[in-house]
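Worksheet: the structure to be examined is printed underneath.
The values are calculated or read from the model by the stated rules, or taken from the named source; none is laboratory data. These numbers were taken from a predicted model, which means no experiment stands behind them. Cβ coordinates were reconstructed from backbone atoms using ideal geometry, including for glycine residues, and neighbour counts include every protein chain displayed.
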Amino acid sequence: MVSVDLLIAFVAALIVVYAIPGPDMALILQTSIARGTRRGLTAAGGLAVSRATHVTLSACGVAALLKAAPWLYEVVRYGGALYLAYVAIQIFRSPLFSLPPKGEGERLVDESGAGRQTFVKGLLTNLLNPKALLFCSVLLPQFIRPATGPVALQVTELGVVLVLVGALFDTLYAVGAARISTVLRKYPLAQTLQRWTFSAALIGFALRLSLD
């Protein structure tokens, strides 16, 4: 079992990390603004599954493999950068008046596989970011104490907390951003600015990922 003091410190570290703007946050905000709360929460579900996968891969030593095989890290890194750029272009090319009427987007979210596509987009945005995997492999060991119990159990506990805290932040972003869409429906220029802003942000994250 992870001690209470270590658990509190771990949660505090996660709060700092999740509060820093990144591609995950940009995706949630853009999706919720353009398509509504439910679609934003669907993307958050994909992010949660990806984070759980990263915790599992870290526990299995895949993060160590990426460190030992630089070429493999580069492949994943550039793949993730290209995907972020692809998502940014999709946002930039979306129709200006793409915001659904209030309430309508919520009812139609599962039609034509839209909900599934949003989930996959959230999944891949985080899953193709090798830094997210390396983050888990660096952060988790700092809060594990083998002398206090089975390491596997401690990793599981910390992994669950990591996913839950991330899901909480994503939910807050999705709900808050969806409220902004009310303003955007009234002002077409604001729609243009939000599309350009999030497209530029994702392009910036893609460049940062590819150049680091």
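Here are some notes:
- Residue pairs whose Cβ atoms lie under 8 Å apart, sitting 6 or more positions apart in sequence or on different chains, and linking a residue in the stretch 16-34 that is within 11 Å of residue 166 (Cβ to Cβ) to a partner that is among the acidic types (Asp, Glu), are 24/170; 28/170.
- Total residues in the stretch 1-39, condition within 11 Å of the chain's Cα centre (by Cα) and in a helix (DSSP H, G or I): 8
- Residue match in the stretch 9-25 (condition: buried (at least 24 other Cβ atoms within 10 Å of the Cβ) and under 20 Å from residue 126 (Cβ atoms)): yes
- Members of the stretch 142-185 found to be part of a helix (DSSP H, G or I), over 22 Å from the mean Cα position of the chain (by Cα) and not polar (S, T, N, Q), listed by number: 143, 146, 147, 151, 152, 153, 183, 184, 185
- Of all residues in the stretch 145-183, those that are crowded, with 19+ Cβ neighbours inside 10 Å and either in contact with a Pro (Cβ under 7 Å, 6 or more places away or on another chain) or at pLDDT below 80 (or both) total 2.
- Test result for residue 36, small (Gly, Ala, Ser), out of contact with any Pro (no Cβ under 6 Å at 6 or more places or on another chain), buried (at least 20 other Cβ atoms within 10 Å of the Cβ) and at pLDDT 85 or above: no
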